[in-house]
Amino acid sequence: MRRFVTAVLCTLGLGLGAARADIYTWVDGDGVTHFTNIKPRGPGAAKWKKIIDDAPDPGSKASAQHGACKECDKVPARDSSPERYHRYDPYIFEASDLYKIPVPLIRAVIQTESDYDPRVVSSADAKGLMQIMPFEIADNGIHDVFDPRENILGGTRMLRLLANRYDGDIVLTVAAYFAGTGSVAKYGNTVPPYKLTRAYVKTVLERYYKNKAAEARAAAPP
């Protein structure tokens, strides 16, 4: 998963079965970061490091699915139509091509942040499909944060900048998108041990791999 800066995700195949609470990682001799949500055992297990632990969460741009009622969205997701999952495909493909971020990752972030409803506003005032914070709007070329195209392009630009910052480490990229670069730096450039951040990273990564597998199946010859 490292080397995101070259727009390539080197990934370790993971099963998509029952969810587990922890994520383990190691960096091989080529600088490629591998991770798994299955506790490593046997020879070589010692090289894996657990990056997500239980700890109180100081707060973030969390939306309702990540926390208790005090974290509930000001404007929750209300669009439950199946069509919403592909309604914004042209913008997702455009953003992926422009910023070299994989489509399955953009989809995973959108689903986790807003469940594909562009009108969502979080308790922290993050807005739209990719839940852009007010201080992030202007810096990412967004004029109307509720416009699906602008929101997706802006949010994907943020993922690109974070991926560059963390040398393509998808785990840290996702963690910083949710909790901020300051929280990641506070814990020595590892995933902050906050409950909401842990849940967010776990959910996005699981959805990323599920989307990636579905994309591969769709592209496979009949």
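Over the range 76-138, calculate the relative contact order: mean separation of alpha carbon pairs under 8 Å at least 6 apart, over the residue count, as a percent.
Relative contact order for the range 76-138 comes out at 29 percent.
Run down the lysines and flag those whose C-alpha is under 30 Å from the C-alpha of Lys47, throwing out any fewer than 8 positions away in its chain.
Lys39, Lys186, Lys195, Lys202, Lys210, Lys212
Using a 10 Å cut-off on Cβ atoms, rank the peptides 129-136, 155-162, 140-147, 108-115 from the highest mean neighbour count down.
108-115, 155-162, 129-136, 140-147
Find the accessible area per residue for the range 118-164; the probe is 1.4 Å, ligands and nucleic acids are left out, and the unit is Å².
Accessible surface, normalised per residue, equals 38 Å².
Indicate the gyration tensor shape class of the range 103-222 (rounded, prolate or oblate), computed on the Cα atoms with a ≥ b ≥ c the square roots of the eigenvalues: a/c under 1.5 is rounded; otherwise a/b larger than b/c is prolate and the rest oblate.
Here the range 103-222 falls in the oblate category.
Explain nothing, just the number: relative contact order of the range 64-206, from Cα pairs under 8 Å at least 6 residues apart, as a whole percent.
Result for the range 64-206 is 21 percent.
Calculate one ³J(HN,Hα) per residue across the range 134-144 by plugging θ = phi - 60° into the Karplus curve 6.51 cos²θ - 1.76 cosθ + 1.60, and present them in order as whole Hz with x for glycine and proline.
Residue by residue, the range 134-144 yields x, 6, 9, 5, 5, 5, 10, x, 9, 9, 10 Hz.
Using a cut-off of 11 Å between beta-carbons, work out the net charge of the residues near Tyr99 (Lys and Arg +1, Asp and Glu -1, Tyr99 not included).
For residues surrounding Tyr99, the net value is +1.
So who's got an amide H within less than 5 Å of the one on Ile132, skipping anything under 5 residues away but keeping other chains? H placed 1.01 Å off N, in plane.
So Ile132 has HN proximity to Lys127.
If you plug each phi of the range 89-104 into the Karplus form 6.51 cos²θ - 1.76 cosθ + 1.60 with θ = phi - 60°, what whole-Hz ³J(HN,Hα) values come out, in order, with x for Gly and Pro?
Coupling constants for the range 89-104: 3, x, 6, 5, 5, 4, 5, 4, 5, 6, 9, 6, 10, x, 3, x Hz.
The values are calculated or read from the model by the stated rules, or taken from the named source; none is laboratory data. Small disclaimer: the values here were computed from a predicted structure and weren't measured. All Cβ positions, glycine included, derive from the backbone under ideal geometry; neighbour counts span all protein chains shown. Remember, those area values only see protein heavy atoms, side chains included, never the ligands or the DNA or RNA. Shrake-Rupley method; radii C 1.70, N 1.55, O 1.52, S 1.80 Å.
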